[in-house]
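In what follows, a structure is listed as structure tokens, so that the remarks can point back to it.
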Amino acid sequence: MRLCVFCGSSDGARPLYREAATALGRHFAEAGIELVYGGGKVGLMGAVADGALAAGGRVTGIMPKALVEKETAHLGLTDLRVVASMHERKALMADLAEGFVALPGGLGTFEEMFEVWTWAQLGYHRKPLAVFNAGGFYDGLLGFLDSVVDEGFVREPHRAMLIVGTEPADLVARIRAYEPPQVIKWVKAEER
């Protein structure tokens, strides 16, 4: 299995985020899961890659040339693929992955997570998406997403697509067991 991780290029405010990223990378390697990620050597990106590599895992990084030139690329990866743009990066990450996990991160992490979730909702893929909710990082967002369902902008089966976990082994088990919903995105007027 090959899973793509979205995460921050910084460590965040609490050491537990880096510890969680390292543990997830290590668990991937121990479970025979190849890590695909953005290719960085810094922050949680570097931690998840280093965790996997230290445990003998295979890690593929994908990074735009402009970021490689800024010397943020992790040069110790199994496979570092340099692409021309962020669009190419995201497309290749999505193509290579059989599922997605979001660790704590910022705007880029959120954008990547919501993009692949939207694609799944629209039926462009049937791959699982999970958040590793280290230290309750995603609690506020998860509550907001529940309110979006209450307000009628997201259907419950699409909200339920997001797997949430706090332990690597449990999260991976739930990703492996994922079954996409059998519901279309659009609601007909007569169903309202």
Those residues of segment 28-60 which are on the phi > 0 side of the Ramachandran plot and part of a helix (DSSP H, G or I) amount to 43
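Per-residue answers, yes or no, for (1) among the hydroxyl-bearing types (Ser, Thr, Tyr); (2) open to solvent by 50 Å² or more (accessible area, probe 1.4 Å); (3) closer than 19 Å to residue 33 by Cα:
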residue: 127; (1), (2), (3): no, yes, yes
residue: 137; (1), (2), (3): no, yes, no
residue: 149; (1), (2), (3): no, no, no
residue: 160; (1), (2), (3): no, yes, no
residue: 175; (1), (2), (3): no, no, yes
Exclusive hit being over 20 Å from residue 180 (Cβ atoms), open to solvent by 20 Å² or more (accessible area, probe 1.4 Å) and aromatic (Phe, Trp, Tyr), set 144, 114: 144
Anything in segment 86-109 that is open to solvent by 10 Å² or more (accessible area, probe 1.4 Å), over 13 Å from residue 38 (Cβ atoms) and in contact with a strand residue (DSSP E or B) (Cβ under 8 Å, 6 or more places away or on another chain)? List them, or say none. 98
Return yes or no: is residue 79 open to solvent by 80 Å² or more (accessible area, probe 1.4 Å), charged (D, E, K, R) and free of Cβ contacts under 8 Å to residues at least 24 places away in the same chain? no
Considering only segment 22-42, how many residues are closer than 21 Å to residue 83 by Cα and in contact with a helix residue (DSSP H, G or I) (Cβ under 9 Å, 6 or more places away or on another chain)? 8
Segment 61-71: number of residues that are of a type in the set (Asp, Glu) and assigned to a loop (DSSP other than H, G, I, E, B): 1
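The values are calculated or read from the model by the stated rules, or taken from the named source; none is laboratory data. Everything numeric in this text was worked out from a predicted model, so none of it was measured. For neighbour counting, all protein chains shown are included, and Cβ atoms are generated from backbone atoms with ideal geometry for every residue, glycine included. The protein model used for the area step is the full one, side chains on, heavy atoms only, and it has no ligands, DNA or RNA in it. Shrake-Rupley method; radii C 1.70, N 1.55, O 1.52, S 1.80 Å.
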